[in-house]
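The values are calculated or read from the model by the stated rules, or taken from the named source; none is laboratory data. All figures in this text were calculated on a predicted structure; none of them were measured in a lab. So basically every Cβ, Gly included, is an ideal-geometry build from the backbone, and we count neighbours across all protein chains shown. Surface areas here come from the heavy atoms of the whole protein model, side chains and all, with no ligands, DNA or RNA. Shrake-Rupley method; radii C 1.70, N 1.55, O 1.52, S 1.80 Å.
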Amino acid sequence: MRNFIIRRLLLGLFITFFGAMVVYAVIRSLPTSYVEAIARQRATNPLSTKTYQEWLDQLNAVYKLDIGIIPGFFGWVGNAVKGDFGESWHYGIPVTEKFNQVIWYSVIINIITFFVQIFISIPLGNLAATKQYSKTDYAITVFALMGISLPTFFLATILKYVFAIKLGWFDLYGLTGRFFNSMTPFEQVMDIGYHMILPVVTLMMLSVGGLMRYNRTNMLEVLNSDYIRTARAKGLSEKVVINKHAFRNTLIPLVSYMSYLLPSMLGGSLITETLFQIPGIGYISYQAIIRGDIPFAMFYTTFLILLTQVSLIVADIMYAVVDPRVRAN
Amino acid sequence: MPDKDINQNTTQEDIYKVDHAEEMHLDDARRVKVLSPGMLVFKRFIRNKLAVVGFVILLFMFTFSFLGPFFSPFGQTEVFKGVGTMSKDYAGATYNEELRYTIADGAEFGSSQRTQFLLALGENNETFTCDDQTYYYVNIDDNTYRIMQLEPVAEVILKGFNSLTDDVVPDELITAYKTAEEKGVNSFELDGIFYRITKKNKASIISIEIDVALATLDVYDAYNESDKLMVSSFDFRLASSLALAQNSETFTVGNQTYSIRNGEGQVTILDSAGNEYAEISAIIVNPLDQSVFLTVGYKSTIRQMIINRQSRFSYTHENGETIEYTIARVNKTYNIKKETPIEMIRLFENPSAEHPLGLDNNGMDVMTRLMHGGRVSLLVGFIVIFIEVFIGIIVGGVSGYFGGWVDTALMRFIDLFNSIPFIPMVLIFGSVMDTLEVKPMTRIFLLMMILGLLGWTSVGRVVRGQILSLREQDFMVATEATGIRTSRRIFKHLIPNVMPILIVQATAGLGGIIITEATLGFLGLGVKYPLASWGSIINVASDAFIMTSYWFMWIPAGMLILLTVLGFNFVGDGLRDAYDPKMKR
C-alpha cells in the first residue's frame, strides 16, 4: 500500500510538472501579451520619452520574458517550489495574496452546494433505484438529465430572470446588499448568505443530476447482487435491506466520486461566479487569463492540475479505507 | 464470452414469447429465425420510452436546423428595416414683434424716418420730424399705426390766419377749422382733403395729411398667389385696418367690396364672391426649409393650434395626404415638427405572425438565426465527436492492443493531457483567435479542432479498456492463428466490437460538446457575429436590459440547447441500456 501511494505521488508530481510546462508554453507563445498592452499604453503617454520597442524591451526584462520558454519555465518552477509565485500583473499584489482573498468565496459556496447536493441526490438516487422503471424513477431520471443538460449560463440567467426580476426576491448581482456597511456582523453574515442562495441553487441544480444518476446505477448494481437476495430471503424488512445492506455498499464508488469533486470545489465555477459577479477564484482567474496575466494564470492552472492529482490519489486511498478488499491487494 | 451467451439467451426468450403468442408449432420455420444483434438492440431501444422521446426531439432538432433554413423566407444575416417616423423640424411660428411697414404709392419712408417714428412711439410724441418734414401718426388699433406726412398750409396765431404757402388761406378752411376747434377735434375734412391741426408753441398749424406708410404687427397672407400684390398694397391694408378697428364687417378698396370674418386670434377676409381672400394674424409662420411653400390654410391651422394651445394636430394637404405634426414651444417661438417617415432597422421587435420569435438587437429574424445557429451547434458537436473518436480509437486501440510499455507510455500521456485544465485552455485559445482576428467561418473550424483535440482522452481510455478485455477472447486468438495482418486485426475485428460502447459514449458526449460550444459562445469566445450559434444567440442575455425586456431573444435558444442535449442524453441512455444485456426489462 505504501509503495502504491509513493508511486502515485511521484506520478502526480511528474504530471503536474509537465502539465504546468505545457500551460506555460502555451501562454508564452500567445501572439499578444499583457506586457505588449502595457508597453503600448506607456508609449502613447505624451510624457513618455521612450518608444514602444524600448518600453517593451524594458518590461520584458522586468517581467523576465526576454528569456526562452524552457529557461523561463525552470525559473518559474524554481521560485514556485520556494512558494514564490510572483506578483499578479493584473491585480498588482502577490498572486498568493490575491488567491487567499478570493478562494474562500468559492470554497464556501461550493461546500454549501456539496452538502445540499448530497442531501438531495442520494435519497433520490436510492428511491429511483429501488423503484426501477416506475413513474417515480422516470420522473427522477428526467429531472436528473434536465440538470445535466442545462447549460450553466442559461440556468443562471433563467433563475435571475424569474427570482430576481420577475419576483424580485433576490438581487441581480453581487455578494452584499446596499446597506452592507451599516449592518451588524450577524446581519452581514445573513446578507452574504442571502446573496449566495441563487448561486448555490444554480450549482446545486447542475450537479445534483450527475450524482443522483451515479448513485442510482450503483444502487441497481448492488440490488442485483446475491447478498441482497440472501438478505431478503432471510426475511429482513425492505428498509433494512436497502439502508443497511445495499446503501453501505454503494458508498465505495460514491466516496471516489466525491473525491473527484475536489478540483471543481476549489477551482471555482467560472460561469456562475461571473454571472452573479461573485469575486471568487473562478471569476478572478478568468479575468486574469483573458488579460494574459502569466503569474496568476500559471498559479491557477498549476493549482488545478495539482488538485486533480491529489483528488485521484485521495480517491485511491479512500477506496482502500472504505473497502477492505482493496487493502488486501 | 459471457456477454454472448446472455445475448443468445435473451434472444431465445424473446422468440419464445412471440411463439407463445402466435401458437407456433415446434417445427415452424419461423422459430429458427433469430434476431440479428442490431435488430435486438433496436427492439430494446424502441421499448424505452425516454429514448424514443429523445429520438423524436433530436429528429425535430435536425429537421429544424438542417431543413428549416430552406423553408425560412429570410436569410441568416438579413437585417429587417422598416419605415418609422421621426420628428423633424418643419416650420417655425412666432408672435410678430417687429413692425412691418407698408408704404403708400409715391411716398417715401426710409430707415431714418422709421427710426424717428420708433423714437416718437417710445416717447409718446404724436409728431416727429425728419429731413425738415413733419410726420404725424395715429393709432388705428393696438398694433397698427397710420403714418402721415404733414404739409403745413396755414398758421393760426391768436385767431389770425397766416398762409404758409403762396396761396391765400381760403375761407372754407377757416370755417372748417373753427368748427373743428369748437368740437375739440384736431382733424377735419374739406373737399376730400384731410387736414390736421397741430399745436406748436402758442400757434396752431393746419396741415394737409398725406398718407405715407402703415406700420403694423399684423401679418397678411393672401390665399392666391395672384392676389399677393393687392393684399400687400397700402390701400388694401389701410382699408382693412380701419375696418377692423371700427369693427365694421365690410370695407371697400377700389371697386371691390370685402367682408371680414373674425376668427380666434386671426381674421379672414372674404372677397365679394365670399371666397377666402386673405388672412390677418399676429403670428408669423415660416417654413424651415426655404424651398417649402406653406399654404395659407396650413398656416392658419398652425395659428389656430398655437392659440388653442394644442401640441399635436394633423393636417390634410392639397394632395390629400394627412400628416401628423407636433408643436413644441421654445421660449417665444413654436417649432412645428413633422412626423417624417424614415427607414429604420427594426430592433427588438416583438414576435408577430411574420417573425414568430421577433427580431433581435441587430434587426435579424430570431427564428431564422436559431435554425442556422442549430446547424452550427449540431455540426460542431458532430465534427468534434468525430475528431475525438478518431484520435481516441487510434491511441486507445494501439495502447490496448500492444500493451506493455506502449500502453504505459500512452496512458501516462493521456493522464498528462487530462490534467491540463480545459476551461483555461479554451479561454486562452479563444482570446488568441480574437487577437488574430480569425474570420468567423475559419473560427468555427478551429474551434472544432480545439475542442476535439482537448477532449479525446475519455474515448481513448474507453477504447483501450474494451480492447484489453476483447484481446484475450477466442475470436482474437483465431485471428492470430489465421495470420491476419495486425492493422486488419485491430480495425476489422477489434474496433467493430468496441463500436457499441463507442456509440453510447459519443451520443452522451455530443450533449456535453454542445453545452461547451454554447458556453464558449456565451463567453463571446465561440462563433462570432454575423454567424450564429445557439450559445452566441444567448450571449445577448448578458446585457441585463435585453435579459429583462426581451425574453424572446434568449429563452428560445436556451430551450433549444436544453432540449437537444436532453435528447442526446435520453438516446445515449437508451442505447446504453439497449446494448447492455444485463438490463433486462
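Got a sec? What order do B:Asp131, B:Asp166 fall in by accessible area at 1.4 Å, biggest, i.e. largest, first?
B:Asp166, B:Asp131
When Cβ neighbours within 10 Å are restricted to other protein chains, what is their mean count per residue of peptide B:422-433?
5
Can you compute the helix-only [θ] at 222 nm over chain B? Use -39500 (n - 2.57) per DSSP H run of at least 4 residues, normalise by all residues, nearest 500 deg cm²/dmol.
-15500 deg cm²/dmol
³J(HN,Hα) across the stretch B:220-226 via Karplus (A = 6.51, B = -1.76, C = 1.60, θ = phi - 60°), whole Hz, x for Gly/Pro?
10, 10, 8, 6, 10, 4, 5
Using the Karplus curve 6.51 cos²θ - 1.76 cosθ + 1.60 with θ = phi - 60°, work out ³J(HN,Hα) for each residue of the stretch B:378-389 in order, rounded to whole Hz, and write x for Gly and Pro.
5, 4, 4, x, 5, 5, 4, 5, 5, 4, 4, 5
Is there a simple number for the mean count of other chain Cβ atoms within 10 Å of the Cβ of residues in A:152-160, and what is it?
Shielding by partners across A:152-160 averages 6.
What is the count of Lys pairs in the stretch B:95-279 whose alpha carbons sit under 25 Å apart, if the two are 8 or more places apart or on different chains?
So the count of such lysine pairs works out to 11.
How much length is gained on full extension from B:Arg346 to B:Val406, taking 0.36 nm per residue of separation minus their Cα-Cα distance?
Stretched fully, the B:Arg346-B:Val406 segment lengthens by 15.4 nm.
Using modelled backbone amide H atoms (1.01 Å from N, in-plane), which distant-in-sequence or interchain residues come within less than 5 Å of B:Val153's amide H?
Under 5 Å from the amide H of B:Val153: B:Ile206, B:Ser207, B:Ile208.
Students often get this wrong, so check it: of A:Lys135/B:Lys43; B:Lys299/B:Lys332; A:Lys64/B:Lys528; A:Lys50/A:Lys98, which have C-alpha atoms separated by over 23 Å?
As for pairs spanning more than 23 Å Cα to Cα, those are A:Lys64/B:Lys528; A:Lys50/A:Lys98.
Taking 7 Å along the Cα-to-C-beta vector as the label spot, tell me the B:Asp235-B:Arg47 distance in nanometres, rounded to one decimal.
It is 11.5 nm.
List every residue whose amide H lies under 5 Å from the amide H of B:Gly92, counting only residues 5 or more places away in sequence or on a different chain, with H placed 1.01 Å from N in the peptide plane.
Long-range HN contacts for B:Gly92: B:Asn286, B:Leu288, B:Ile336.
Please identify which residues in the stretch B:221-265 have an amide N closer than 12 Å to a label point set 7 Å out from the Cα of B:Ser272, following the Cα→Cβ vector.
Only B:252-259 fall inside the zone, counting backbone N under 12 Å.
Rank-order B:560-568, A:216-224 by packing density, defined as the average count of other C-beta atoms within 10 Å over each peptide's residues, highest first.
Final packing ranking: B:560-568, A:216-224.
Peptide B:408-420: average number of partner chain Cβ atoms within 10 Å per residue?
Rounded to a whole number, the mean comes out at 5.
Using label points projected 7 Å from each Cα along Cα→Cβ, tell me how many nm separate B:Leu288 and B:Phe62, to one decimal.
In this crude spin-label approximation the distance works out to 5.9 nm.
Length gain on complete extension for the stretch B:Leu35 to B:Phe382, per 0.36 nm per residue less the alpha carbon to alpha carbon distance?
Taking B:Leu35 through B:Phe382 to full extension adds about 121.9 nm, to one decimal.
On a 0 to 90° scale, report how tilted helix B:422-436 is relative to the longest principal axis of chain B, with both axes built from alpha carbons and the result rounded to the nearest 10.
50 degrees
Output the peptides B:139-148, B:312-321, A:105-114, B:512-521 sorted from most to least packed, where packing is the average of other Cβ atoms within 10 Å over each peptide's residues.
So the order, starting with the most tightly packed, is B:512-521, A:105-114, B:139-148, B:312-321.
Ordering B:Glu98, B:Glu349, A:Glu97 by accessible area with a probe of 1.4 Å, largest first, what comes out?
B:Glu98, A:Glu97, B:Glu349
Mind ordering A:148-154, B:89-95 by average Cβ neighbours within 10 Å, highest first?
The peptides rank, most packed first, as A:148-154, B:89-95.
Taking 7 Å along the Cα-to-C-beta vector as the label spot, tell me the A:Asn100-B:Asp166 distance in nanometres, rounded to one decimal.
A separation of 12.1 nm, rounded to one decimal place.
For A:Lys160, list the lysines whose Cα falls under 17 Å from its own Cα; do not include residues on the same chain fewer than 8 positions away.
The qualifying lysines are none; the list is empty.
Once the other residues with Cβ under 12 Å from the Cβ of B:Tyr277 are scored (Lys, Arg +1; Asp, Glu -1), what is the net sum?
In short, -3.
Quick one: what do you get for chain B if you divide its Cα Rg by 2.2 N^0.38 Å?
2.02
Give the accessible surface of the stretch B:95-279 per residue, rounded to a whole number of Å², with probe radius 1.4 Å and ligands, DNA and RNA excluded.
Per-residue value: 57 Å².
Compute the long axis of helix A:185-223 from its Cα atoms, compare it with the longest principal axis of the Cα atoms of chain A, and write down the angle in degrees, 0 to 90, nearest 10.
Orientation of helix A:185-223: about 50 degrees from the principal axis.
Could you give the dipole magnitude of the protein assembly as shown about its Cα centre, charging the beta-carbon of Lys and Arg +1 and that of Asp and Glu -1, in debye to the nearest 20?
8040 debye
Please give the FRET efficiency for A:Thr51 paired with B:Asp434, using the beta carbon to beta carbon distance and R0 = 25 Å, rounded to the nearest 0.05.
The pair A:Thr51/B:Asp434 has a calculated efficiency of 0.45.
Test of understanding: express the Cα radius of gyration of the stretch B:95-279 as a ratio to 2.2 N^0.38 Å, with N the residue count.
Cα Rg divided by the expected 2.2 N^0.38 Å: 1.15.
Return the long-range amide H neighbours of B:Gly526 (sequence gap of 5 or more, or a different chain), with a cut-off of under 5 Å between placed amide H atoms.
B:Gly521
As an exercise, use a Förster radius of 41 Å and the Cβ-Cβ distance of A:Asp323 and B:Ser549 to find the FRET efficiency, rounded to the nearest 0.05.
It comes to 0.15.
Compute the length gained on full extension between A:Asn224 and A:Lys239: take 0.36 nm times their separation in residues and subtract their Cα-Cα distance, giving the result in nm to one decimal.
3.8 nm
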